[in-house]
Amino acid sequence: MRIDWIGKVQHLLQVLAFCLVVASIQYAFQPDRPYAPTTVYSLFIGLYTWAVIDLGRHLLPSSRETGWPQGVAGAGIVVAGILVGWFMGNASADRLCSLYGLYSGPPPDPVADRRNSILITILAGVTASYYFYAQNRGAYLERKMAEAHQHANEARLKLLETQLEPHMLFNTLANLRALIGVDPPRAQGMLDHMIAYLRATLDASRAATHTLKAEFDRLRDYLELMTVRMGPRLAYELRLPPELANHPVPALLLQPLVENSIQHGLEPKVEGGRITVSARREGEQLVLEVTDTGAGPKGDAASAKGFGMRQVRERLDTLHGDGASFDFAAAPGGGARTLLRLPF
Amino acid sequence: MTMTISRATALIAEDEPLLAQALRAELASAWSQLEVLATVGDGASAVTQALALRPDVLFFDIRMPGQSGLEAAAELADEWPHDQPFPALVFVTAYDQYAVQAFETQAVDYVLKPVQPARLRKTIAKVQDALAKRAQGASDIEATLGQLRNLLGQVAEPAPGTAQGPLKMLQVSVGTSIRMVPVEDVVYFEAADKYVRVLTAGHEYLIRTPLKELLPQLDAQRFWQVHRGTVVRADGIDSVTRDEAGKLHLVLRGRAEKLAVSRLYAHLFKAM
């Protein structure tokens, strides 16, 4: 377990400052009581409560998102912190005050005093715990957002690399040059797909996600270009049910998978093959599938270790953790199949 | 006097149909007396068609499904009848980092895609020149073989993990266990589909690593490639014999079978 000790000191200082504020408020309500003992009690209770909660939470299994123990344990540690804080804090403060003569005799109404003290401890303990919890959670969400953006940018960069790869670029241009001579309208159509395909890397919004429709449109541009190049060796089908068209997905998530199907599945195979990309909903899951009838996985099916595959896997993991799955295997009828499951 | 051969036949191997068609059209306008006998879309068909049609010029795309243009040319050189002059070879490529570099220094010509008419005319002139020389009786299959050897060597992808020095042990899965086979016990390796057969004096194993990946991990001094799909341990060779057709065969120590040597690698076996 790695503990961020600078963070812990920061938390401690924040807790102590909070205790001073609590003591000041108490003093404001009871100006007849001396300030010093109230401050000492407040600081001690705060110190113990902090120690139990902030250090103790590392002993329990905590959630990846917030760093806090999950469920009952999370509430339990706050209760434990407040109890220990109140008893131990009071005991320590009692001793310190009598040692230094700060103790000014029993309060006029011990019962009310005790009740107030318990209430303040609970209130302050819960407030401070919630504050730190919310802070952790906020930091986590921010980090997650940054990661999602970073992954989307990586996906764009990867696509740019593919676009500029000499074999892809010059063969596409060579085909375009040939078409201009023999079939100008088809050349225009090809050029339109090429423009849309190139634009995908320059997407002005730079959003981490886009709709499934946008995702499938980008795949269509790429596959159209490849169809012109490969001729009858490539057939493809994109199946997107209309009700899923506006569902958001990580931008360009499927692009590397389709590229793999072309590069490692169809290109090495003399007779070529067929690529099918589909999206469907299964209960609370969105299932995305890329299947090809190409050469099939080389050697070990589990060794989907190329950069593209790894990136898709990492993206799913960052976004959904165990909620998403990635499965790459030989397809039943030959070729390869990649199955992605994301929470809907 | 420069003699120009203008009548000639050609074979085009290009997997992208539009590009094959375009090259054909460009050739028709730049070299009207060249007859394109056939257009094929993969390396294996290129070899069979070239052997069947015996064209004077070959235009081979480098990246093709199955066999690459380079591999197809190497195989063709091996199968080509000894008494026939080898065709003039032109590679067509979109740009292959290694290949273009290699071609710069080679007599084998290349054309970059998209094919530019001016550049193609230069290539045609070069090819016509080569055909003229060939007509005067200077068959240069040895030169072509040497160039192909160099190209294949330079285009070969560097294997990962070669920095740790040559491979010492092979880990072969046999049933549920893994057998450790010392590389020095291997008499030869033979490519078999996606696998490689490993043959020692008494055993035969199958490993999943393709020969292309295995080869760079072997000690080049001890293990020689003698054929597209065969790598043999040099000190496991007993003798080399030549048959009536001029082909070389290896007799091994410890194994009964004979191994054929590809023409591409025949230069390895010369009496001292």
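Numbers below:
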{"read-out": "Search result, residues across the stretch A:24-62 that are without any contact (Cβ under 8 Å) to a residue 24 or more places away in the chain, over 20 Å from residue A:87 (Cα atoms) and over 34 Å from the mean Cα position of the chain (by Cα)", "value": "A:24, A:25, A:27, A:28, A:29, A:30, A:31, A:32, A:35"}
{"read-out": "Candidates B:173, B:239 - the one that is of a type outside the set (A, V, I, L, M), over 28 Å from residue B:147 (Cα atoms) and either touching a Pro at 6+ places or on another chain (Cβ under 8 Å) or in a strand (DSSP E or B) (or both)", "value": "B:173"}
{"read-out": "Residue count for the stretch B:189-206, restricted to those that are buried (at least 17 other Cβ atoms within 10 Å of the Cβ) and either at pLDDT below 85 or hydrophobic (A, V, I, L, M, F, W, C) (or both)", "value": "5"}
{"read-out": "Test result for residue A:122, away from chain B (no Cβ under 14 Å), in contact with an Asp or Glu (Cβ under 9 Å, 6 or more places away or on another chain) and of a type in the set (Val, Ile, Thr)", "value": "no"}
{"read-out": "Residues (open to solvent by 30 Å² or more (accessible area, probe 1.4 Å), part of a strand (DSSP E or B) and of a type outside the set (A, V, I, L, M, F, W, C)) located in the stretch A:307-344", "value": "A:325, A:327, A:337, A:341, A:343"}
{"read-out": "Pairs where the first residue, in the stretch A:69-87, is in the same structural domain as residue A:40 (by TED's automatic domain parsing) and the second is open to solvent by 50 Å² or more (accessible area, probe 1.4 Å) and part of a helix (DSSP H, G or I), C-beta under 7 Å, 6+ apart", "value": "A:78/A:126; A:82/A:122; A:84/A:48; A:85/A:48; A:86/A:118"}
{"read-out": "So residue A:295, is it assigned to a strand (DSSP E or B) and either open to solvent by 30 Å² or more (accessible area, probe 1.4 Å) or under 30 Å from residue B:209 (Cα atoms) (or both)", "value": "no"}
{"read-out": "Selection from the stretch A:159-187 of residues that are more than 9 Å from chain B (Cβ to nearest Cβ) and loosely packed, with under 13 Cβ neighbours inside 10 Å", "value": "A:161, A:164, A:184, A:185"}
{"read-out": "Residue A:79 being open to solvent by 80 Å² or more (accessible area, probe 1.4 Å) and either more than 30 Å from residue A:142 (Cβ to Cβ) or not in a helix (DSSP H, G or I) (or both)", "value": "no"}
{"read-out": "Residue match in the stretch A:144-164 (condition: touching a residue at least 12 places away in the same chain (Cβ under 8 Å) and under 22 Å from residue A:56 (Cβ atoms))", "value": "no"}
{"read-out": "Odd one out for residue A:131 among (1) within 14 Å of chain B (Cβ to nearest Cβ); (2) of a type in the set (Phe, Trp, Tyr); (3) within 19 Å of residue A:53 (Cα to Cα)", "value": "(1)"}
{"read-out": "Search result, residues across the stretch A:218-242 that are away from chain B (no Cβ under 14 Å) and open to solvent by 40 Å² or more (accessible area, probe 1.4 Å)", "value": "A:218, A:220, A:236, A:237, A:239, A:240, A:242"}
{"read-out": "Among residues of the stretch B:36-53, those that are more than 17 Å from residue B:24 (Cβ to Cβ), more than 14 Å from every other protein chain (Cβ to nearest Cβ) and touching a helix residue (DSSP H, G or I) at 6+ places or on another chain (Cβ under 8 Å), counted", "value": "1"}
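The values are calculated or read from the model by the stated rules, or taken from the named source; none is laboratory data. All of these numbers come straight from a predicted model, not from anything done at the bench. We place every Cβ from the backbone using ideal geometry, glycine too, and count neighbours over all the protein chains shown. Note: areas computed on protein heavy atoms with side chains; ligands, DNA, RNA excluded. Shrake-Rupley method; radii C 1.70, N 1.55, O 1.52, S 1.80 Å.
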